[in-house]
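Contents: one structure, followed by commentary.
The values are calculated or read from the model by the stated rules, or taken from the named source; none is laboratory data. Just so it is clear, the model here is predicted, and its values are computed rather than measured. FYI the Cβ positions are ideal-geometry reconstructions off the backbone, even for glycines, and counts take in every protein chain you see.
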Amino acid sequence: MNDQDVKALEGEYFVDVAEKPIPPKDTWKELNFQQLLELQLQLEDKAWAFQKNPIISKTLNSALEELRALIATHF
């Protein structure tokens, strides 16, 4: 275990390093159903966090619409 792993275990994180980065839209079709659902939750969390910022909120909601349509094709 290196120093960075120990710090992460202690709750110390770098703000410029995403814990779980959002994959680019052009790769969403390659994700399985479970990964798509996890991505949807991640985007919904971000949409809620940025609901007062109309530019970011619009972008996130648009991405969520596309993602939900993609998820619907898995049924």
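In table form, for the structure just shown:
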quantity	calculated
Selection status of residue 29, closer than 22 Å to residue 75 by Cβ, in contact (Cβ under 8 Å) with a residue 40 or more places away in the chain and within 13 Å of the chain's Cα centre (by Cα)	no
Tabulated pairs, region 51-75, first closer than 16 Å to residue 22 by Cβ and without any contact (Cβ under 8 Å) to a residue 12 or more places away in the chain, second assigned to a helix (DSSP H, G or I) and not hydrophobic (A, V, I, L, M, F, W, C), C-beta under 9 angstrom, 6+ apart or interchain	56/46
Residue 75 aromatic (Phe, Trp, Tyr), at pLDDT 80 or above and more than 12 Å from the chain's Cα centre (by Cα)	no
